[in-house]
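No value in this document is a laboratory result; all are computed from the given coordinates. Here the structure is a predicted model, which means the values were calculated and not measured. Note: ideal-geometry Cβ built from the backbone for every residue, glycine included; neighbour counts use all protein chains shown.
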Amino acid sequence: MDLGLKGRTVVVTGASSGVGLAVAGLLRAEGAHVAACARDADRLRAALDPLPGPGRVFAAAADVRDPAAVEEFVTEAAGDLGGIDGIVANAGRSLMSRVLETTDDQWDEEVRLKLAGVLNPVRAALPWLRRSDAGAVVAVNAILARQPEPRLAATSAARAALLNLATTLSTELAPDGIRVNSVCLGLIDTGQWRRRYAESGSAQDFDTWAGALAADRGVALGRLGTADEVAFPIVSLLSPRSSYVTGATLDVGGGVARYV
Ligand code: NDP
């Protein structure tokens with residue numbers, strides 16, 4: 001099936017690793033152009049260079065928390081690639097900390113990263129999204145938004161705020177023909193979990209460690225997901241074939257969610 005993304009341009013934040021890199025790869029393979037950012041420009045270029053596909057890539061360093069840096073990145077990318085049709089607001093991380101262990105600065109930083117990570121790229125890209133006939137934003141979020149994890153207290157709360165924001169944004173941007181949806185991820189095998197495995201000092205190999213983690217968190221499919229497995233659900237929401245889907249939340253968690 002043709003997703004209708006050929007020749008369109010999509011901003012992907014946090015594209016040097018994990019979910020963002022897999023999304024960038026799928027978009028390129030679909031013939032879309034990718035405007036990619038992360039904080040470490042060298043790592044970003046090294047990650048994107050080998051990706052095959054007809055789509056073009058514009059890559060630059062930008063911290064999504066910095067509105068001026070995001071505006072500069074988005075403006076240059078739109079000039080280079082000829083506009084912007086979509087955003088995958090993916091850049092982020094999580095903070096392993098319980099409520100009472102989390103400092104005020106950490107609370108502020110978690111909320112700021114999660115909200116600014118969507119607001120800054122959307123504000124910067126609005127003129128081009130309004131001109132597109134298929135403007136779409138996907139906010140990469142977490143199942144934690146609706147199923148808080150005590151060991152990720154501030155991240156869970158900030159994720160809930162982002163889910164709320166994305167819903168409001170979907171109504172505010174609908175008159176401009178811009179759709180806004182959220183993809184809530186479960187436990188996905190990316191840099192984040194590889195770093196936690198390394199920090200854990202576990203004597204187990206990664207697969208055994210990750211299998212125990214999946215069991216502990218109650219993942220119905222019994223394993224972590226892969227970045228490639230979440231890239232398609234994200235990209236499908238950018239497709240003009242999803243033209244009546246806005247304000248929606250899609251869970252991609254291998255059955256970890258317990259709510260109905
Ligand atoms: P990775 O650590 O593999 O990749 C994170 C990417 O974001 C990197 O490219 C990183 O590059 C970039 N990044 C981080 N902070 C910033 C910033 N302030 N500005 C710009 N770029 C930034 O993580 P994942 O692929 O796992 O995570 C992608 C998203 O999915 C995140 O928002 C994460 O919270 C969310 N998520 C992930 C889950 C999982 O289990 N993996 C579960 C639920 C949600 P650099 O460091 O160079 O900036």
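In the distance distribution for the chain, Cα-Cα pairs more than 32 Å apart total 18 percent. Per-residue ellipticity at 222 nm, computed for the chain from helices alone with -39500 (n - 2.57) per DSSP H run of at least four residues, works out to -15000 deg cm²/dmol. If you take all other residues with their beta carbon under 11 Å from the beta carbon of Val140, and give Lys and Arg +1 and Asp and Glu -1, the sum is +2. Under 5 Å between amide hydrogens, built in the peptide plane, is the criterion, and for Leu250 it picks out Ser182, Val183, Cys184 among residues at least 5 positions away or on other chains.
Normalising the average separation of contacting C-alpha pairs (under 8 angstrom, six or more residues apart) by the number of residues puts the relative contact order of the chain at 20 percent. Amide H to amide H, which residues 5 or more places from Val57 or on other chains are under 5 Å from it, using H placed in the peptide plane? Excluding prolines and chain starts, which carry no amide H, the hits are Val34.
Remark: the Asp42-Leu115 segment gains 23.7 nm on full extension, using 0.36 nm per residue and subtracting the alpha carbon distance.
Using only side-chain charges placed at the Cβ, +1 for Lys and Arg and -1 for Asp and Glu, the dipole size of the chain relative to its Cα centre rounds to 460 debye. If R0 equals 22 Å, the separation of the Cβ atoms of Val245 and Arg56 corresponds to a calculated FRET efficiency of about 0.25.
Residues whose amide H comes within less than 5 Å of that of Thr9, counting only those at least five positions distant or on another chain, are His33, Asp85, Gly86 (H built at 1.01 Å from N in the peptide plane). Our estimate of slack between Glu71 and Arg258, defined as 0.36 nm per intervening residue step minus the Cα-Cα distance, is 63.5 nm. Length available on full extension from Ala220 to Asp207: 0.36 nm per residue minus the Cα-Cα distance, which gives 3.0 nm. Evaluating 6.51 cos²θ - 1.76 cosθ + 1.60 at θ = phi - 60° for every residue in the range 56-72, the Karplus couplings come out as 8, 10, 10, 10, 8, 6, 7, 8, 5, 7, 9, x, 5, 5, 5, 5, 5 Hz, glycine and proline recorded as x. Once you reduce the range 3-20 and the range 101-127 to the center of their Cα atoms, the two points are 20 Å from each other. Each peptide among 137-144, 37-44, 105-112 gets the average number of other Cβ atoms lying within 10 Å of its residues, and from highest to lowest they stand as 137-144, 37-44, 105-112. Each residue of the range 29-36 is assigned a 3J(HN,Hα), and the resulting list reads 4, 7, x, 7, 8, 10, 9, 10 Hz, derived from the Karplus form 6.51 cos²θ - 1.76 cosθ + 1.60 (θ = phi - 60°), x at Gly and Pro.
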